[in-house]
Each structure stands twice: as C-alpha cells, then as structure tokens.
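K.L.:
Mind having a look at this structure? Questions to follow.
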Amino acid sequence: MKKIIRTLAAATAAGLLLAGGQATAVAAPAAPGDRTENPAGAVRLELPRPTGAFAVGRDTLHLVDGGRKDPWVPTADRELMVSLYYPAVPGTGRPAPYATLAETRALLTDRGELGRHATPEQVAAVRTHSREGALPRIGAGRYPLVVLSPGFTLPRSSLTALAEDLTSRGYVVAALDHAYESDGTTFPGGRVLGCKACEQVFPDRSLNRVSDARARDVTFLLDRLTGDRPAWRHSRLIDARHIGMAGHSIGGASAAAAMAADPRVAAGVNMDGTFFAPLPGTGLGGRPFLLLGGDPALLPPDLEDTSWADAWPRMDGWKRWLTVTGMGHPGFTDWPVLNDQAGSPHPETPLPGARSQQITRAYTGDFFDRHLKGLPAPRLDGPTAADPEVVFQRS
C-alpha cells in the first residue's frame, strides 16, 4: 500500500500548577478577550451527535511535569492541556465550548481550506455535545480510559466528535494538547503556545522525537490520573485496569510508542499515521492494535510510506489493517464535517464528513468495546455490506 508521510505533507500544506513541589489541579481559563459567539447570519457549525446512551461531561486540566523539561523549549517544564470527557447526568452543567478564539485564529491561518469559508469566531462557536461542570454518572461502576492524541500541528479539539462519541458509549476520554506541537493552544495566563517543535523536526525529519515525547506524556498523564494523589476531581470514575489509546496521524504513531513504553496501555489505534520510529522488535506484549487508514488511491505516488508494512510483523497480538475508500488524511478528524457544513467540502477527502465520522467512531469504538470491555464487535471480523468503504487489507 502506498501511504503518504502524512504528518509532513499536512503540516507543509497548510490543570496542574507546581506549588512547593506539589501539584494541584486547576481549570484552564480562556485567553483574555476570547469570544466564541457565532457571528450574526453565519451558519451554525455543529458536531455530529454521539451515538451512545450516556450524556457527556467535560473538564479541562492544565498539567505540568515538574520532573521533565520540554523537549522543544528545554528551559520550561513539560506542559499538557487535557480535555477530560466523562459519562454525566443528563441536563447538568453548561454547554462546553469547542475551542478558544485564539486557537481557531491560529488554526485557520494554517488550514486555509476551512478559513476561506468560515471565520475563527464561527469555528470557536461550533456546537459540541458535552457540558462543562456536569455531574458525573456514578453507580454504574468505573469506566475504561481512552487517551486521544491529535495529529502534529493540530489541537486536541480536532478529535472532539470522536471523544464525545466514545464517552457516550461508556468511556472516560482524555484528549491531549502537547505543548509547542500545535498551531496554537491556549494555556493558563493567556499564553498561546505555537509549534516550536515544527521548527526543529521538519528540517531533518526527526518526527520520531514527537512520538517519543508523547509516549512520556502519556505515562505522566496516567500517573496523575490514576495514582495515589490524582489530579482530576473525578478520577474515581476511571477503571485503571482497562486503558487504551488512539491518535490521528503522528498521534496514532504515538499510541504504539506509548504502548511500547507503558504496559498500562492495553490497546491502541493508529488513525492514518506514519510510524517515524520502528516498533520494538519484541512486539507490544501481545496487546491488540488497529491500523485504520485512508484511501491509498488518493495518495501521490511519489510519497510512498512503508512504515505500516514494516510494523505489521511486530504487532504480536490481535491486529487489523483497514483502509477507508474515499477518505483522505483529514477524514478522521472533525474538519470534513465542519467543511461540509460551511459549504466547502474538504479537498483532500471526497467521502462526506458525516460518513467519515460515522466510520471512524464506529470502528474505533467497537475496537475498544472488544478489547477493553470484552464486548462482541462483529464489524471487526471482516467486510460487511453495511460499510462498503471499509477494506480489510490485512487481518
């Protein structure tokens, strides 16, 4: 299969505070002057509704790893912004915003295909289906945890539709922004951190540094969410025995890197991401892994990538390699949905955004249902007439 080195191509084309050595959780404020009202007369953009039975709550945490310096700005401690989604009591809380205005301004500067048809204000005002401050749904036991890592230069908000859907199916979801790896992410104090990593890894194509750093981020995150002194007020919702990770583009490669580095990550999904570092020769300890890729027919022949074929023999547990006909690299994110609603279908992915999200959420959710909950997931067993776009390349 010919597969573009998508992270490079896409990028080229376009809380915890330390106090006396201890960590305390804080909510991350919006940048000064942020406004997310939908402009008068503009089309209201909306994410697809979650398919599961649970209402969705959301918290935001700022995490600082006081024991590790940032790989891109070594004078600073490593920081993360985390959106934590959890099953909630219906009707509680208030609507959760999609992103800050500062983030959407930075994003649309780089993502011209959407910026020509939607304003930063319009994207910041995208309607989500999660609610801040919602009461957690308790009494049904604990929920498996799924970590989500976005593509390089993309914010965590790009995977909001997937995060909300997984949560509605009975998961706690932690969506990460890794400092200095997006076009712009709002941190406490009105700081908007841009992509310092881009300046360092694109010239020499050392993107393996990104997935290596993100693997360490995930270990830190799990320590802070499931340790003896958890950072999150609802950490008791998490079933620490059942943890998975999924990511888009280099976030997907980071899922494998996190599994190799941390045995707590029991299952992983790579959504269309090149492996910039080889999987360990010793495998992933028999743990399951799903490769969910875009349509190889959409890729330029001069940007061939063999990393999935190289990694396949080293995946030593349950595994599938699926591709989706008509879906380009952005199809696993929210962007094609928003592009379609704004009246400008995404030029890189012919498959309609609603269908792209339907497939992404169904196959990712079923994978975690099977491997974290032990539920049947027959669509993963072979081709089905209900999903003619999904091609089983290897199994």
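K.L.:
Spot the failing condition for GLY190; the list is (1) small (Gly, Ala, Ser); (2) in contact with a Cys (Cβ under 8 Å, 6 or more places away or on another chain); (3) at pLDDT below 95, and only one is missed.
P.N.:
All conditions pass for GLY190, except number (2).
K.L.:
Out of the residues in segment 108-133 meeting the condition of being among the hydrophobic types (A, V, I, L, M, F, W, C) and under 22 Å from the mean Cα position of the chain (by Cα), tell me which one is nearest to THR153 (Cα to Cα). Spell out how you get there, then give the answer.
P.N.:
First, pick out the residues of segment 108-133 that are among the hydrophobic types (A, V, I, L, M, F, W, C): 108, 114, 118, 123-126.
Adding the requirement that they be under 22 Å from the mean Cα position of the chain (by Cα) leaves 108, 114, 123-126.
On the way: LEU108: 12, LEU114: 15, VAL123: 17, ALA124: 17, ALA125: 21, VAL126: 20 Å.
Filtering first and then ranking leaves LEU108.
K.L.:
Which of the residues belonging to segment 284-319 are hydrophobic (A, V, I, L, M, F, W, C) and modelled with pLDDT of 95 or more? I'd like the intermediate steps shown before the answer.
P.N.:
So in segment 284-319, the residues hydrophobic (A, V, I, L, M, F, W, C) come out as 284, 289-292, 297-299, 303, 308-309, 311-312, 315, 318.
Those that are hydrophobic (A, V, I, L, M, F, W, C) and modelled with pLDDT of 95 or more: LEU284, PHE289, LEU290, LEU291, LEU292, TRP308, ALA309, ALA311, TRP312, MET315, TRP318.
Conditions tested, residue by residue: (1) touching a strand residue (DSSP E or B) at 6+ places or on another chain (Cβ under 8 Å); (2) over 18 Å from MET271 (Cα atoms).
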position	(1), (2)
VAL172	yes, yes
LEU176	yes, no
ASP204	no, yes
LEU222	yes, yes
PRO230	no, yes
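K.L.:
Within segment 180-194, can you find the residues that are in a strand (DSSP E or B) and either among the aliphatic types (A, V, I, L, M) or over 21 Å from SER211 (Cβ atoms) (or both)?
P.N.:
Residues of segment 180-194 in a strand (DSSP E or B): 182, 185-187, 191-193.
Answer for segment 180-194, where residues must be in a strand (DSSP E or B) and either among the aliphatic types (A, V, I, L, M) or over 21 Å from SER211 (Cβ atoms) (or both): THR186, PHE187, ARG191, VAL192, LEU193.
K.L.:
Here is a further query. Please state which one of ARG205, ARG224, ARG214 is modelled with pLDDT of 95 or more, surrounded by fewer than 24 Cβ atoms within 10 Å (Cβ to Cβ) and of a type outside the set (A, V, I, L, M, F, W, C).
P.N.:
Going through ARG205, ARG224, ARG214 in turn, just one is modelled with pLDDT of 95 or more, surrounded by fewer than 24 Cβ atoms within 10 Å (Cβ to Cβ) and of a type outside the set (A, V, I, L, M, F, W, C): ARG224.
K.L.:
Now, a different point. Pull up segment 346-379, narrow it to residues that are over 22 Å from the mean Cα position of the chain (by Cα) and not in a loop (DSSP other than H, G, I, E, B), then point me to the one that is farthest from ALA125 (Cα to Cα).
P.N.:
Top of the filtered list is PRO378.
K.L.:
Continuing with this model, one more query. For SER211, are the conditions met, namely being among the small types (Gly, Ala, Ser) and either assigned to a helix (DSSP H, G or I) or closer than 19 Å to VAL82 by Cβ (or both)? Before you say what the answer is, go through the steps one by one.
P.N.:
Numbers: among the small types (Gly, Ala, Ser): yes; either assigned to a helix (DSSP H, G or I) or closer than 19 Å to VAL82 by Cβ (or both): yes.
For SER211, the condition - among the small types (Gly, Ala, Ser) and either assigned to a helix (DSSP H, G or I) or closer than 19 Å to VAL82 by Cβ (or both) - is met.
K.L.:
Let me confirm something: among GLU103, GLU121, which residue is in a helix (DSSP H, G or I), surrounded by fewer than 24 Cβ atoms within 10 Å (Cβ to Cβ) and in contact with a Ser or Thr (Cβ under 9 Å, 6 or more places away or on another chain)? Write out each step before concluding.
P.N.:
Values: GLU103 fails: surrounded by fewer than 24 Cβ atoms within 10 Å (Cβ to Cβ).
So the residue among GLU103, GLU121 that is in a helix (DSSP H, G or I), surrounded by fewer than 24 Cβ atoms within 10 Å (Cβ to Cβ) and in contact with a Ser or Thr (Cβ under 9 Å, 6 or more places away or on another chain) is GLU121.
Table: residues versus (1) closer than 21 Å to ALA55 by Cα; (2) in contact with a Phe, Trp or Tyr (Cβ under 6 Å, 6 or more places away or on another chain); (3) not hydroxyl-bearing (Ser, Thr, Tyr).
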| residue | (1), (2), (3) |
| --- | --- |
| GLY151 | no, no, yes |
| SER168 | yes, yes, no |
| ALA213 | no, no, yes |
| HIS234 | yes, yes, yes |
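K.L.:
Also, I was wondering about something else. Residues to consider are GLY317, GLY343, GLY382, GLY281; find the one that is under 22 Å from VAL146 (Cβ atoms), surrounded by fewer than 21 Cβ atoms within 10 Å (Cβ to Cβ) and more than 21 Å from the chain's Cα centre (by Cα).
P.N.:
Working: GLY343 fails: under 22 Å from VAL146 (Cβ atoms); GLY382 fails: under 22 Å from VAL146 (Cβ atoms); GLY281 fails: under 22 Å from VAL146 (Cβ atoms).
Of the residues listed, the single one that is under 22 Å from VAL146 (Cβ atoms), surrounded by fewer than 21 Cβ atoms within 10 Å (Cβ to Cβ) and more than 21 Å from the chain's Cα centre (by Cα) is GLY317.
K.L.:
Being in a loop (DSSP other than H, G, I, E, B) and of a type in the set (Phe, Trp, Tyr) is the filter here; which residues of segment 276-296 pass it?
P.N.:
In the first step, residues of segment 276-296 are kept if they are in a loop (DSSP other than H, G, I, E, B); the result is 276-288, 294-295.
PHE276 - this is the single residue of segment 276-296 that is in a loop (DSSP other than H, G, I, E, B) and of a type in the set (Phe, Trp, Tyr).
K.L.:
Output the qualifying pairs, or none if there are none: Cβ atoms under 7 angstrom, residues six or more apart or on different chains, first residue in segment 234-247 and over 11 Å from VAL173 (Cβ atoms), second residue among the polar types (S, T, N, Q) and modelled with pLDDT of 95 or more.
P.N.:
So the pair list comes out as SER235/THR226; ALA240/THR226; GLY247/SER149; GLY247/SER254; GLY247/ASN270.
K.L.:
For the list (1) crowded, with 18+ Cβ neighbours inside 10 Å; (2) outside any helix (DSSP H, G or I); (3) small (Gly, Ala, Ser), I need the number of the one condition that GLY331 fails.
P.N.:
(2)
K.L.:
Related question: Are any of the residues in segment 192-201 in contact with a Leu (Cβ under 6 Å, 6 or more places away or on another chain), small (Gly, Ala, Ser) and surrounded by 23 or more Cβ atoms within 10 Å (Cβ to Cβ)? First the steps, then the outcome.
P.N.:
From segment 192-201, those in contact with a Leu (Cβ under 6 Å, 6 or more places away or on another chain) are 201; that's our starting set.
Pick out the ones that are also small (Gly, Ala, Ser) and you get none.
No, the conditions are met nowhere in segment 192-201.
K.L.:
Out of the residues in segment 124-149 meeting the condition of being polar (S, T, N, Q) and in contact with a Phe, Trp or Tyr (Cβ under 8 Å, 6 or more places away or on another chain), tell me which one is surrounded by the most Cβ atoms within 10 Å (Cβ to Cβ).
P.N.:
The residue in question is SER130.
K.L.:
When you go through ALA267, ALA231 one by one, which is the residue that is closer than 30 Å to GLY139 by Cβ, among the hydrophobic types (A, V, I, L, M, F, W, C) and part of a loop (DSSP other than H, G, I, E, B)? Can you show your working first?
P.N.:
Numbers: ALA267 fails: part of a loop (DSSP other than H, G, I, E, B).
None of the others qualify; the one that does is ALA231.
The values are calculated or read from the model by the stated rules, or taken from the named source; none is laboratory data. Everything quoted here is computed from the prediction, not taken from an experiment. Ideal geometry is used to build each Cβ from the backbone, glycine not excepted, and the neighbour counts take in all protein chains shown.
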